[in-house]
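A quick write-up on the structure given underneath.
The values are calculated or read from the model by the stated rules, or taken from the named source; none is laboratory data. Only a predicted model underlies this, so the values are computations on that prediction, with no experimental measurement involved. Note that we place each Cβ from the backbone using ideal geometry, even for glycine, and neighbour counts take in every protein chain shown. Remember, those area values only see protein heavy atoms, side chains included, never the ligands or the DNA or RNA. Shrake-Rupley method; radii C 1.70, N 1.55, O 1.52, S 1.80 Å.
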Amino acid sequence: MSEQVLTTLQAGVLTITLNRPEKKNAITQAMYAALAQAVEGAAADDAVRVLLFRAEGDSFSAGNDIADFAALGAGGTAPSDMPVFRFLKAMADLDKPAVAAVKGRAVGIGLTLLLHCDLVVAAEDALMSAPFVNLALTPEAASSLLLPGVIGHQRAFELFALGEAVDGRTALAWGLVNRAVRSDEVEATAAELANKLAARAPNSLRKTKALMRDAEGIWSLMQREGAQFSEQMRSPEAMEAFMAFSQKRAPDFSKGG
């Protein structure tokens, strides 16, 4: 397991911690491989009843590590061949309850991961965003279906197309999270919910979650999204967006079309 993804198991709750605080927990492909290993292992381990996602530092996740993704794209690696897709498949297939504790920024996959969690606790001042279009990319993690299903088409389109953040209070009002609490209460509240789930009948919980999700359909959509993401990642638009990001300037899409 990577030192940037830590796991601990206690009383049936497997806590999965993003541990790259110096980079706002931006996720690399090596981290995705470790996350996939953790989720796959949890799914197969009867000692694990609940998964709890949390992060060290002041942000849940800044999303994909842009330099890491850009390098893979430039090298010709398709998203379907990246460890991220192994992780997404594991989350699509997961029938055990998952809880998330969100503080600070939750960007891109930091937000779309929450759509695969069953209970989400966010800080009132947490900021969640899905700025895929800002990077000339497209949604992933089946979020093109799941996010509109949770918060409605117009709100989801605004999050995708404008890339602006919503805070924890707004996320609660929209139904994106279950609890919005003070930042210093997030960890304890999420742990309490995870422990409550761990005390419930495990097979009943698994069957309930499985009935509520079309795992096969979600994975199929993830693959379709991946094809679009792959095509867009190699586009002149994306190259301009990545260059602008690295140069800390606004991208110029005036020559696109």
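Listing for the model above:
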quantity: Förster-model FRET efficiency, 41 Å R0, residue 56 and residue 224, C-beta, rounded to 0.05; calculated: 0.75
quantity: Modelled FRET efficiency - R0 51 Å, residue 216 with residue 2, Cβ distances, 0.05 increments; calculated: 0.95
quantity: For the range 1-153: rounded, prolate or oblate by the Cα gyration tensor [a/c cutoff 1.5]; calculated: rounded
quantity: Distance from the range 1-37 to the range 166-243 (C-alpha centre basis), Å; calculated: 16
quantity: Overall form of the range 121-220 per C-alpha gyration tensor (a/c, 1.5; a/b vs b/c); calculated: oblate
quantity: Total formal charge among the other residues, if their Cβ is under 14 angstrom from that of residue 225, Lys/Arg +1 and Asp/Glu -1; calculated: 0
quantity: The range 126-257 - accessible surface per residue (Å², probe 1.4 Å); calculated: 57
quantity: Lysine pair number, Cα distance threshold 15 Å (strictly under), the chain, separation 8 or more or different chains; calculated: 5
quantity: Segments 129-141, 43-55 sorted - mean Cβ within 10 Å per residue, highest first; calculated: 129-141, 43-55
quantity: Cα shape, the range 177-257, gyration tensor, a/c 1.5 rule; calculated: oblate
